[in-house]
Amino acid sequence: IVGIAHMVGLSEKKFNNTVAFRSMKLIEAMPFRYAALHICYDNPNLRGPIGMLQLIANVQNRVRFRAHFGTFVECQYQLMTFGLNQDIFPIDPVGNVKPARYMEILRDRIQTEAEIEQARRNDSSRIEYPRSNDVLFGRGKAYNDFDGNILMYAHIDRYKGRYQQATSRDEKTLIAETVLLTIKESGGRFLKRSKDPMDGWVTVTDTVAREKISHCFRTRLK
């Protein structure tokens with residue numbers, strides 16, 4: 001998200017170092033991340049507080065910070081050099097909020113988010129919550145202690161004697177395939193996190209699942 005702070009006409013009494021610090025804390029508390037923050041102002045006495053805000057933004061939040069000094073029109077032209085068209089700015093030259101334009105932007109955003117959510121719901125490959133008999137890909141105690149993973153380890157322990165005695169790669173692959181089919185026949189799936197965490201989990205191919213089982217065999221035989 002790109003943020004624009006309109007401070008043209010603001011006095012130093014309303015924006016000092018304390019307000020600058022609190023403003024940065026407010027930005028940190030927002031449920032989204034700012035990619036850039038633009039501040040427009042025309043009061044030279046605000047340079048100190050804005051400089052402090054810029055320092056905090058760059059060090060703590062890694063936000064690209066830009067300060068624009070000048071009249072309302074001058075700041076508009078400076079914003080346009082960053083690809084921010086004046087049409088998206090919901091304030092007129094005298095500082096009045098343009099509610100019609102603001103509501104139009106808000107409606108467009110709500111519609112876009114609704115379309116994204118509907119597309120996710122229509123995606124049959126998306127799995128929001130794993131079942132207790134699913135095997136999850138991942139590292140750490142949370143994955144190792146998941147019910148489906150524990151069940152897979154139990155199947156592996158059952159066959160690890162045969163796996164250790166196997167003399168060929170094909171024979172070991174067949175044993176791993178047996179464990180794979182046993183889990184799938186009981187309704188279990190092999191899942192990994194989607195690249196987008198909001199999309200939940202996705203199933204992996206049998207080849208990838210079989211490789212995981214073979215890896216677990218080797219690990220438990222060490």
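The values are calculated or read from the model by the stated rules, or taken from the named source; none is laboratory data. Small disclaimer: the values here were computed from a predicted structure and weren't measured. Methodologically, a virtual Cβ is constructed for each residue, glycine included, from the backbone with ideal geometry; neighbour enumeration extends over all protein chains shown. Just so you know, the surface numbers come from the protein's heavy atoms only, side chains and all, with ligands and any DNA or RNA stripped out. Shrake-Rupley method; radii C 1.70, N 1.55, O 1.52, S 1.80 Å.
Side notes on the structure shown:
One line per residue, one yes/no per condition, for (1) open to solvent by 80 Å² or more (accessible area, probe 1.4 Å); (2) modelled with pLDDT under 75; (3) under 16 Å from HIS6 (Cα atoms):
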{"site": "GLU28", "(1), (2), (3)": "no, yes, no"}
{"site": "ARG33", "(1), (2), (3)": "yes, yes, no"}
{"site": "PHE65", "(1), (2), (3)": "no, no, yes"}
{"site": "VAL94", "(1), (2), (3)": "yes, yes, yes"}
{"site": "ALA100", "(1), (2), (3)": "no, no, no"}
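- Verdict on ALA57 being open to solvent by less than 80 Å² (accessible area, probe 1.4 Å), in a helix (DSSP H, G or I) and modelled with pLDDT under 85: yes
- Enumerated helices (runs of 4 or more DSSP H) restricted to region 142-222, each holding at least 2 residues that are in contact with a His (Cβ under 9 Å, 6 or more places away or on another chain): 169-185
- Candidate set: region 181-209, residues that are surrounded by fewer than 18 Cβ atoms within 10 Å (Cβ to Cβ) and touching a helix residue (DSSP H, G or I) at 6+ places or on another chain (Cβ under 7 Å); chosen: the one farthest from GLY138 (Cα to Cα): THR182
- For region 67-92, a residue qualifies if it is polar (S, T, N, Q) and either touching a strand residue (DSSP E or B) at 6+ places or on another chain (Cβ under 9 Å) or open to solvent by 90 Å² or more (accessible area, probe 1.4 Å) (or both), and the qualifying residues are GLN76, GLN78, THR81, GLN86.
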